[in-house]
1. So what's the back-of-envelope 222 nm ellipticity for the chain, counting only DSSP H runs of four-plus at -39500 (n - 2.57) apiece and dividing by all residues, rounded to 500?
2. Under unit Cβ charges (Lys, Arg +1; Asp, Glu -1), what dipole magnitude, rounded to 20 debye, does the chain have relative to its Cα centre?
3. Equivalent-ellipsoid semi-axes (√(5λ), Cα gyration tensor) for region 47-134, whole Å, largest first?
4. Provide, for q = 0.23 Å⁻¹, the log10 of I(q)/I(0) from a solvent-free Debye sum over equal Cα point scatterers in region 69-112.
5. On alpha-carbon atoms, Rg over Rh for region 172-280 using Kirkwood Rh?
6. Once the Cα gyration tensor of the chain is diagonalised, what are the square roots of 5 times its eigenvalues, in whole Å and ordered largest first, as equivalent ellipsoid semi-axes?
7. Using only the alpha carbons of region 115-229, what is the convex hull's orientation-averaged projected area in square nanometres?
8. Amide H neighbours of LEU129 under 5 Å, at least 5 residues apart or on other chains, H built in the peptide plane: list them.
Amino acid sequence: FSGQRELIAPNGTRIVLVDEEAEVVLPPLQQSFVVSRLGDGAPFHLGRAGMRYRDLIPGRQGGRFIASHIQIPHGGPVPDYVHFHKVRFQMIYCRRGWVRVAYEGQTEVLLMQEGDCFLQPPLIRHRVLESSAGAEVVEIAAPAEHITVADPDMPLPSAAALPPEHDFHGQRFVHHVASRASWVPWRVGGFEHRDTGVGAATRGMAGVRVVRRNGAALATQASSHDTEFCFYFVLAGRVTLDLPGQRCTLSSDDCITLPGRDRYAFAEASEDLQMLEVTLPAAVEVRAS
């Protein structure tokens, strides 16, 4: 390649050659307020292994984060391969249907069903094997652009299991099963949540929770918190947020990204409301305002 680092394929695809041991580069954070509504006609684009991707944060927060709503239209085997990602953070939440995935350190193929969640630590080898027709997941990763490396020499599932506490570059693998989870009060009155264990597995770097109404009176006092990333994806029902100068209502499959220190309040929430919450860091210190 005569020292070239960037190649352009005839179809316009850009190929960038990087060092195999390149470190994860975090672009400077540029927080912004983002609302993505499915009803606004946000398109799904064809992506890897025949899956369809809806971009939930087009601006990428300066390149620091990417969030995708992914559909697998056809059931059966998925044309994937054993690979890994050079990331700081990556999680996958099963929105609908089911997906079977093989992971490094697991001796059996794992079934992720609706409501379940995976934390994929940096460099863990994995392969998507099969899915139900119409399966959907929400995936969040940091940074937005990251290196994906094929590893055809690693057989999956693994022949020997790694212990649950195995460290993958500072994080532990998590397979959160919704049917086994317990619900506890959330930081906002009127809600409860189930924690996925991502906070403990990342040593507090990130938190992933599912939040729902619990029948108690809704606390509508405005508050703020100093987070690097705060993201809500509505799984069911409707929620209305009061924000500086505006009121924002979200329905199923809508999402919102809130900049740190911005004041907001949950003004209204339907009794069937459920939301996926992803924050960096895991613990959110709420400040009344």
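The values are calculated or read from the model by the stated rules, or taken from the named source; none is laboratory data. Owing to the predicted nature of the structure, the values given are computational and were not obtained by experimental measurement. Note that we place each Cβ from the backbone using ideal geometry, even for glycine, and neighbour counts take in every protein chain shown. For accessibility, only protein heavy atoms count, side chains too; no ligands or nucleic acids. Shrake-Rupley method; radii C 1.70, N 1.55, O 1.52, S 1.80 Å.
1. On the way: 1 runs with 4 residues, N = 289.
Taking each H run of at least 4 residues, the total per residue is 0 deg cm²/dmol.
2. That gives a dipole near 500 debye.
3. 21, 17, 12
4. The computed values of log10 I(q)/I(0) come out as -1.15.
5. Values: Rg = 13.7 Å, Rh = 14.4 Å.
My calculation puts Rg/Rh at 0.95.
6. Values: eigenvalues 202, 98, 73 Å².
Equivalent-ellipsoid dimensions as semi-axes: 32, 22, 19 Å.
7. Working: hull surface 41.1 nm².
Across all orientations, region 115-229 yields a mean hull projection of 10.3 nm².
8. When sequence neighbours closer than 5 places are left aside, the close amide H contacts are ARG100, VAL101, ALA102.
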